[in-house]
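J.: This is the structure, below, for whatever I ask next.
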Amino acid sequence: MNNTDASGAPLSAVQSLAAGAATALLAWGALSLNLSHVPGLHSDEAWSGLFAMRMQHNSLLSLHAMNWYTSSIYEWLLARVFDVFGAGVFQLRAAGAALNALAAGGMAAFAGALFGLEAVLAVAGLLLLLPFFPLESRLAWEACAFQNALTLAFIAALWAVRRGQRLGLGSALALCFAAALGTLNHVIFLALPLAAAFGLFLWQTANDDARFSKPLFASIAVLAQLAVLVLCKKGLSQELWVAHRTAALLFFALLPLASAFAIWLWQDSGSRLCVNLSQKSAGHKHVKKALLYLAGAGLAATLWFHGTAFLGLLSGFNVLKRIFSLDLGLAGACVLFPFAAVLCGAVLEGAWKACKDSQDETARIFAGLMLLSYCAVFTALRNTNSLRYYVAFFFLFVFAASAFLPAFLRRSASPLRLFMAACAVAVSLITYIETALPQPRPPFHYTQGWHDENSAHMIDTSALAAALSRKGVCVFEGDPFLVRPLEFYYAARKWPCRPGLRFSGEYCQNCQEPPYIK
């Protein structure tokens, strides 16, 4: 390993905690800025809020949320928030924003403990300067609220599995419960333990190196747990839930507990089994080639389905379109997409080199493996491009960047460093100015990767709700993306109703003046 690529001196526990606390405070400041109005209340957020209001008096109505692959855990948490603070857009978003601020602080502390002060600065810079985290992590969606914190918990617990001579029961419990909660919350979380198991097995097979044998065994055991969890959750009908709610809750609570005890009890024999499997696989060149081809196919699929979408996310170009209906045009694209390409390329190159060199620092190999293997399996779980599906992806990218970005910037020419810094600062200024002082703009359709998006869905409808409340309108019809937010405002405020009045409307793509509704 080149000396310029080496990580800095790891921070002490006290220094890491201090860095994490500072990052968490900054993240909360960024996420809470104008939280009630930026962005406008989305229909899916309103659905979560309305469902949470129903659960204030009826506990868990269902384990499912909108569909079988999401759960009502987030709505249950919102119901408790509403019990204490009342219902409103700020309260709807505050719980997720607070969790994400803590996750940002936790990631900074974790990176500092592994890679040093430069890693902390990389984490804070990417999370707070690029638009994606401050804007997407404030949304009241289950995919946005929990994913960062649970992603951090999973990778930190997996790293702790590697560190000790004996795996502690606490680490096993953290690993299994993070995986279970994440997958219950949204099945896309399954990509993370799948990536860990696949990536660690491939690396161990290719390098004949057993240093990750315990994390590999733990990952495979977690995957088995999640297979049972997903199958049972998918088969859990509303009738079964109503009839056997206590038994179902007990089962979903005991499943990760049993898995954690199994991992803890059988860690040595499981680790030896993984070593034997990887050695036998390495001895069969066709198996080894098949694994490499599978990884290559997964990486190619992710590049094809998600490459442009992820660059649009990293650059902030598509995030600003989505949240503010702000199109920076060809000039903005010609600046920000190269910035994102350099950033992405630097981190991926560092991850690739670390994984190829078995003599590299173990922490750097771990960071690189988690990102590259996630890229290899991600498309198996999701081939569409909605921004919410990239929450864990981006957080893993930030973790890998904490290991590889500082070294890249150190060895880069001054003009390139200046370009990268200028782009990050410029897009950050746009983000925070727009957040503090949002400007009404005509909505439009745009392409996020292969996915058509409509920026109208993020228009702030609070002024319209206030006008309808003054008129006593309590019945709403039309576009569900418009109606649901109005229903939430009414449910939260309970204004007096005048009989016979109703509102019917939809978002207007051709209107040139606010409120862009007809």
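J.: Could you give the angle, 0 to 90 degrees to the nearest 10, between helix 267-283's Cα long axis and the longest principal axis of the Cα atoms of the chain?
T.: 70 degrees
J.: What order do you get for 209-218, 14-23, 406-415 when each peptide is scored by the mean count of other beta carbon atoms within 10 Å, highest first?
T.: Values: 209-218: 23.8, 14-23: 18.2, 406-415: 13.9.
Highest mean packing first, the order is 209-218, 14-23, 406-415.
J.: I'd like the FRET efficiency for Gln238 and Ala9, computed as 1/(1 + (r/R0)^6) with the beta carbon distance as r and R0 of 51 Å, rounded to 0.05. If you can, show how the numbers build up before the last one.
T.: Details: r = 55 Å, r/R0 = 1.08.
Rounded to the nearest 0.05, the efficiency is 0.40.
J.: Now, a different point. Please flag any cysteine in the chain that has no other cysteine's Cβ under 4.7 angstrom from its own Cβ.
T.: Result for the chain is Cys144, Cys176, Cys232, Cys274, Cys334, Cys344, Cys355, Cys375, Cys423, no neighbouring Cys Cβ within the cutoff.
J.: Place the peptides 389-401, 42-54 in order of packing, highest mean first, counting for every residue the other Cβ atoms within 10 Å and averaging per peptide.
T.: Working: 389-401: 25.0, 42-54: 20.8.
Top to bottom by mean Cβ count within 10 Å: 389-401, 42-54.
J.: Same structure again: Roughly how big is the chain's charge dipole about its Cα centre, with Cβ charges of +1 (Lys, Arg) and -1 (Asp, Glu), in debye to the nearest 20?
T.: On the way: 36 positive and 26 negative charges, 123 e Å.
Computed charge dipole of the chain: roughly 580 debye.
J.: Now for a separate question. Rounded to the nearest 20 Debye, what is the dipole magnitude of region 460-505 about its Cα centre when Lys and Arg each give +1 and Asp and Glu each give -1 at the C-beta? Working shown, then result.
T.: Values: 7 positive and 4 negative charges, 58 e Å.
Computed about the Cα centre, the dipole is about 280 debye.
J.: Sticking with this one: Given charges of +1 on the Cβ of Lys and Arg and -1 on the Cβ of Asp and Glu, with all other atoms neutral, how large is the dipole of region 200-358 about its Cα centre, in debye to the nearest 20? Could the numbers behind the result be given before it?
T.: Details: 14 positive and 7 negative charges, 56 e Å.
Here the size comes out at about 260 debye.
J.: On to the next question. Cut-off is 10 Å between beta-carbons; in what order do His244, His451 appear when sorted fewest neighbours first?
T.: By the 10 Å Cβ count, ascending: His244, His451.
J.: If you don't mind, there's one more thing I want to ask. Can you figure out the FRET efficiency of Glu513 with Lys288, using R₀ = 56 Å and their beta-carbon distance, to the nearest 0.05? All intermediate terms of the calculation are to be shown ahead of the outcome.
T.: Details: r = 63 Å, r/R0 = 1.13.
According to the calculation, E is roughly 0.30.
J.: Moving on to the next point. Distance between the C-alpha centers of region 285-342 and region 99-156? Whole Å please.
T.: 20 Å
J.: OK, next. Just going by the charge dipole of region 460-505, with Lys and Arg at +1 and Asp and Glu at -1 on Cβ, which of Ala466, Trp495, Phe481 is farthest out on the positive end?
T.: Working it through, the farthest residue towards the positive pole turns out to be Trp495.
J.: Let me ask something additional. In what sequence do Met66, Met420 fall when counting other Cβ within 10 Å, fewest first?
T.: Numbers: Met66 12, Met420 19.
Ordered by Cβ neighbours within 10 Å, fewest first: Met66, Met420.
J.: If you don't mind, there's one more thing I want to ask. So for the chain, averaging the separation of alpha carbon pairs under 8 Å that are six or more residues apart and normalising by length, what relative contact order in percent results? Let's see the in-between values first.
T.: Details: 796 pairs, mean separation 104.5, N = 518.
The value is 20 percent.
FYI, it's all coordinate maths here, none of it is from the lab. All values reported here derive from a predicted model rather than from experimental measurement. So basically every Cβ, Gly included, is an ideal-geometry build from the backbone, and we count neighbours across all protein chains shown.
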